[in-house]
1. Return P(r) of segment A:109-261 (all Cα-Cα pairs; 5 Å bins starting at 0; whole %; ordered from short to long distances).
2. Treating cross-link reach as a plain straight distance, find the aspartates and glutamates whose alpha-carbon is under 16 Å from the alpha-carbon of A:K366, omitting any fewer than eight places away in the same chain.
3. Please give the calculated 222 nm ellipticity per residue for chain A, where each DSSP H segment of at least 4 residues contributes -39500 (n - 2.57) and the sum is spread over every residue; nearest 500 deg cm²/dmol?
4. Within segment A:506-546, what residues put their amide N at less than 19 Å from the label point 7 Å along the Cα-to-Cβ vector of A:I391?
5. A:H778 versus A:E538, label points 7 Å from Cα toward the beta carbon: distance in nm?
6. For segment A:77-195, what is the Kirkwood estimate of the hydrodynamic radius, computed as the reciprocal of the mean inverse distance between distinct Cα atoms, to one decimal in Å?
7. Evaluate chain A: find the radius of gyration of its Cα atoms, find its Kirkwood radius, and give the ratio Rg to Rh.
8. Measure of size requested: the Rg and Dmax of segment A:81-151, with Cα atoms as the atom set and Å as the unit; please supply both.
Amino acid sequence: MTKNIPKAYEPAEAEKKWYTWWEKQGLFQAHPGSGKAAYSIVLPPPNVTGSLHMGHALNITLQDIIIRWKRMQGFDVLWLPGTDHAGIATQNVVERHLAEQGKKRTDLGREKFEQIVWQWKEKAETDILNQIRRLGCSCDWSRNRFTFDDGLSRAVREVFVRLYQDGLIYRGEYLVNWCPRCTTAISDLEVEYEPTQGKLWHIKYPLKGSSDFVVVATTRPETMLGDTAVAVHPEDERYTHLTGRTVILPLMEREIRIITDDFVDRKFGTGVVKVTPGHDPYDFEVGQRQQLPIVKVIGEDGRMTEAAGRYAKMDRYEARKGVVADLEKQGLLMKVEDHSHNVGHCQRCETVVEPLVSTQWFAKVKPLAEAAIRAVKEKQTVFVPENYEKIYFEWMHNIHDWCISRQLWWGHRIPAWYCPDCGEITVAQEAPEICSHCESRSLEQESDVLDTWFSSALWPFSTMGWPDQTKDLQVYYSTNTLVTASDIIFFWVARMMMMGLRFMGEVPFRTVYFNGMVRDEHGQKMTKSRGNVIDPLEIMDEYGTDAMRFTLAAMAVPGTNIPFSVSRMAGYRHFCNKIWNAARFLLLNLEHEEPVTEEEIDELWREENRLEVEERWMLSRLQKIISDTNENFEKFRFHEASNQLYHFFWHEFCDWFIELAKVNITSHDVRKQRRASRVTAYLLETCLKLLHPFIPFITEELWQQLPHLGDSLMIAPYPVAHQEWVDLAVEKQMGGLQELISAVRTARAENNIDPRKRVPLQLLCNDEHQSFLQSQLHHLKNLAQLDQVEFVSNLERGGIRVQGVSRMAEFSLILDEVIDVGAERQRLIRQINRFETSVQQLQEKLQNTEFLHKAPEQVVADARKRYEEVVEQLRKLKEKLNGLSRP
RNA sequence: GGGCGGUUAGCUCAGCUGGAAGAGCGCCUCCCUUACAAGGAGGAGGUCACUGGUUCGAGCCCAGUACCGCCCA
């Protein structure tokens with residue numbers, strides 16, 4: 001047969017070809033009316049801020065692996081894709097972009113700015129979706145969604161209105177985290193703390209009507225301008241005499257009281273603390289408890305307010321300097337110490353966050369959290385790895401109200417309208433014509449938008465058409481699995497749990513698999529400044545998508561980060577090439593055109609002597625790998641599944657099976673050739689099926705070239721193990737043969753015998769082994785490069801010999817040229833040393849009566865058997881060594 | 001301050017229910033044998049961080065110590 005198959009796999013063309021074809025054939029589509037069991041995953045929507053990174057590549061690959069596996073298992077799968085409008089992040093990216101052109105959003109106005117962001121979104125979304133396609137992902141593109149599209153926006157309004165009506169959303173003036181650069185409130189989660197080397201200023205606050213004073217310690221002296229009290233611990237005996245007295249706030253000359261409160265840490269500073277309810281979360285709480293006035297001295301722009309007196313309009317850090325200098329001048333600065341403390345930064349722009357009092361919208365999530373905790377406790381949703389449960393519970397139990405309003409332009413505008421006439425608020429899904437309280441017609445909509453995570457929280461059901469009762473919701477909700485990065489467990493997973501339970505009455509997903517973070521090969525975070533960022537597109541171009549996917553899967557150990565190694569990926573590109581060439585060999589020798597069925601193989605299996613030993617062995621081993629792979633998938637052990645398949649394909653199927661089967665596959669005996677190539681085709685096809693979820697392109701490309709049933713490997717049935725094809729006896733026999741061949745090869749290599757030279761061999765073994773080896777002589781000769789093989793009752797000692805031992809037989813290689821006796825001696829001594837260690841260990845074990853009594857029978861029996869074998873081999877090796885000394 | 005994870009070959013990491021220490025890359029020797037040199041055959045290299053405990057048996061379980069990393073406050 002003349003076939004022209006390239007020697008190396010070229011991914012680029014195959015990837016493009018098959019992806020387009022799969023999509024065109026509609027193979028990615030879900031069929032809710034099919035009546036088949038459903039399996040669904042919603043894609044964590046990437047932000048439309050830019051392009052995908054390795055973290056996305058990992059996350060998306062793992063989902064595709066699961067989805068392809070389930071699809072092949074016959075499920076009606078839905079993998080629903082989409083993107084996230086990512087409010088603050090996208091607004092910032094676009095603003096930076098505008099800044100490069102010397103423009104500001106405020107110059108453009110809200111409407112114009114929104115238009116520009118939409119344009120940005122269109123471009124970014126297209127890029128992202130194409131990147132997902134490049135990864136080979138089999139998402140149902142007909143259901144692609146966007147968190148800010150009409151349907152999802154409607155769901156957002158519905159949820160907002162219902163939570164408001166249920167009293168779970170309220171508006172009020174509280175202390176929030178404020179980013180002076182983004183000029184918006186942000187939630188607690190959006191603040192990132194960094195240990196910072198700062199100072200601790202000790203300031204004297206004079207007591208009213210006395211020359212005495214108290215000393216307070218603070219890390220933020222500028223906030224003293226807003227102090228409305230000084231506090232000590234109620235049980236702090238150093239200060240009991242001061243309770244209730246008044247101090248004069250320096251610089252402001254304001255009279256403030258000395259109060260007591262449990263929150264004071266007696267060990268911090270002097271044990272006397274200033275209380276600034278307007279700019280510190282703890283102080284705010286004290287202020288609420290003790291009804292202290294709030295003085296807001298720092299404004300939304302990070303500059304001091306009028307309330308800061310002569311510091312007004314100064315930047316907060318300028319003000320700090322000024323305050324310190326003035327205190328010093330007045331002799332009120334007692335001392336300054338170095339002090340390390342955590343400073344909160346805006347997650348999106350790294351500006352130091354300012355806690356300040358502001359009117360915002362909040363969601364009361366505690367009641368929702370209770371149901372979400374229960375659901376995980378009851379295992380309605382299972383976390384993989386399990387230890388994320390703890391992290392989740394910890395956060396959920398201590399959950400605080402969620403600040404959901406943002407002073408941004410890009411996002412879902414809060415569906416609340418203010419009435420200037422009566423001052424009341426109307427909250428509604430659609431813009432109301434009149435005020436629901438006074439029927440005034442001059443309503444104004446809230447200008448704030450919602451936290452972007454508010455809409456993400458609805459993703460599992462809003463994407464399926466909620467609040468309408470759709471077929472998709474009915475069939476695919478709850479989704480089966482969520483695959484997500486662990487760093488958004490609170491931002492996203494926890495909130496989806498709460499919203500899903502609240503509005504759907506069911507958990508949003510049955511399993512949450514947390515994937516690790518992709519790091520560089522030394523475990524370092526990939527950052528632009530380190531210059532170690534790997535772009536998935538670039539490496540897909542260079543190594544192929546399949547190689548990248550396989551690498552990610554092979555390294556995806558649950559609960560660990562992934563130190564992505566390019567050299568390792570190169571290894572997996574070689575693996576792809578290995579698959580290519582194994583298939584190439586078979587295809588070049590394949591004479592039949594009809595697909596091979598399981599029935600056909602089963603028939604051969606049942607018939608006595610129809611299959612060669614290596615065929616029975618390989619089929620038997622295949623069953624083990626099939627059941628292991630399915631089991632590993634069930635447990636999300638992708639690294640185990642991929643590593644096992646790698647080893648099986650390369651080191652069992654290629655290194656041994658194909659080498660053994662070669663004779664028959666290339667035989668001129670048509671009957672033999674045909675059977676061998678059909679069995680091999682079956683084995684190869686099964687391997688391609690097993691590997692398809694990991695490496696979809698190369699497997700489809702090769703499968704299409706094999707005679708096959710069905711249109712695409714994508715929808716071929718995933719292999720299921722046949723227990724009746726497991727033949728442990730034949731596995732043992734093959735093991736013996738392999739060991740003997742390896743022993744001969746080692747003996748040859750260590751004696752530098754020309755690998756091409758065929759050498760005669762003598763074998764000494766028992767009758768049972770002899771009859772087996774006799775039947776496998778052709779294999780022995782081929783794989784160990786042997787000439788004549790002779791069974792003897794005594795190994796000849798004369799002449800030039802290299803001798804060796806395996807479990808099945810002793811052997812002697814008969815050479816006609818001088819060997820390196822010294823090297824051979826060394827080799828034997830090394831082997832003897834190894835065996836002696838084993839003998840010693842086993843001896844100790846077997847002399848231990850406790851072991852004999854308490855260990856399971858099987859373990860003891862195994863140890864005994866192994867001991868006998870090892871002792872026997874050791875004896876033989878020693879004999880060889882002695883023989884070697886003789887001339 | 002509280003919690004979690006890690007420490008196994010030169011490097012990066014596996015090791016799932018405790019029962020003969022593994023992979024990839026790198027290194028050494030030989031071989032371009034008509035599937036594959038992106039290949040084949042063989043080889044070197046490990047007190048599984050430390051201390052104690054449980055067990056017939058510990059890389060794996062328990063306690064403590066040291067160092068590294070992450071999360072929360």
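Bear in mind that the values in this text are calculations on the coordinates, not laboratory data. Predicted model, so just to flag it, every value in this text is computed and none were measured. Please note: Cβ atoms are built from the backbone with ideal geometry, for glycine as well, and neighbour counts cover all protein chains shown.
1. So the P(r) values, bin by bin, are 2, 6, 9, 10, 11, 10, 10, 8, 7, 6, 6, 6, 5, 3, 1, 0.
2. A:D166, A:D188, A:E394, A:D401
3. Result for chain A, helices only: -14000 deg cm²/dmol.
4. A:509-520, A:523-526
5. Roughly 5.3 nm, to one decimal.
6. Every distinct Cα pair counted, the radius reaches 17.5 Å.
7. When Rh is taken as the Kirkwood radius, the ratio is 1.11.
8. 14.2, 43
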